[in-house]
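Report on the structure given below.
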Amino acid sequence: MTAEGVSYDPCSQIYCGTEPASEPETQAVQDEAQRLRGRLRGWLTMHSYGNMWMFPYATHIRHSPYLGCERVPDHRDLVGLLDL
C-alpha cells in the first residue's frame, strides 16, 4: 500500500511509520491521551519545526471520480478556532 505525501523511509522528515502510533513519540502521546480519557475537553500538540497549528483535514481521500478529501465531522469547529 502506498500513500501520497508520506515517505516509507525511516530517515525522512515525512516518515509515516509502519502502522498507526508505531513511533515512540506518537505512542507516548497516545498513551497519555488514553490515560486522561474522559477528563479532557481538548488536546493541542505543537509542531515547532514548521511553526504551524495542524489538525486533521480529512478522514480519507476519494480517488474517483475525482481526487478529493472528505473532511472530518468537526472541521468547521476546528477552522473556527483559528479566529480566536
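The values are calculated or read from the model by the stated rules, or taken from the named source; none is laboratory data. In this text the structure is predicted, and so the values were computed from the model without any measurement. Heads up, the Cβs are rebuilt from the backbone with ideal geometry, glycines too, and the neighbour counts pull from every protein chain shown.
Based on what the data block shows, is Leu82 loosely packed, with under 10 Cβ neighbours inside 10 Å, out of contact with any Lys or Arg (no Cβ under 8 Å at 6 or more places or on another chain) and at pLDDT below 70? In short, no.
Sub-6 Å Cβ pairs linking a first residue in region 17-40 that is more than 18 Å from Ser7 (Cβ to Cβ) to a second residue that is surrounded by 11 or more Cβ atoms within 10 Å (Cβ to Cβ), at least 6 apart or interchain, are Gln27/Ala21; Gln30/Ala21, ordered by first then second residue. The sole residue among Gly5, Gly38 that is in a loop (DSSP other than H, G, I, E, B) and at pLDDT 80 or above is Gly38. Taking every residue in region 58-83 that is closer than 22 Å to Leu44 by Cα and not assigned by TED's automatic domain parsing to the domain that holds Val6 and pairing it with any residue that is modelled with pLDDT under 75 and among the aliphatic types (A, V, I, L, M), at least 6 positions away or on another chain, the pairs with Cβ-Cβ distances below 8 Å are Arg71/Ala58; Val72/Ala58. Of the residues contained in region 44-56, none is found to be assigned to a loop (DSSP other than H, G, I, E, B), surrounded by 11 or more Cβ atoms within 10 Å (Cβ to Cβ), touching a Cys at 6+ places or on another chain (Cβ under 7 Å) and modelled with pLDDT under 70.
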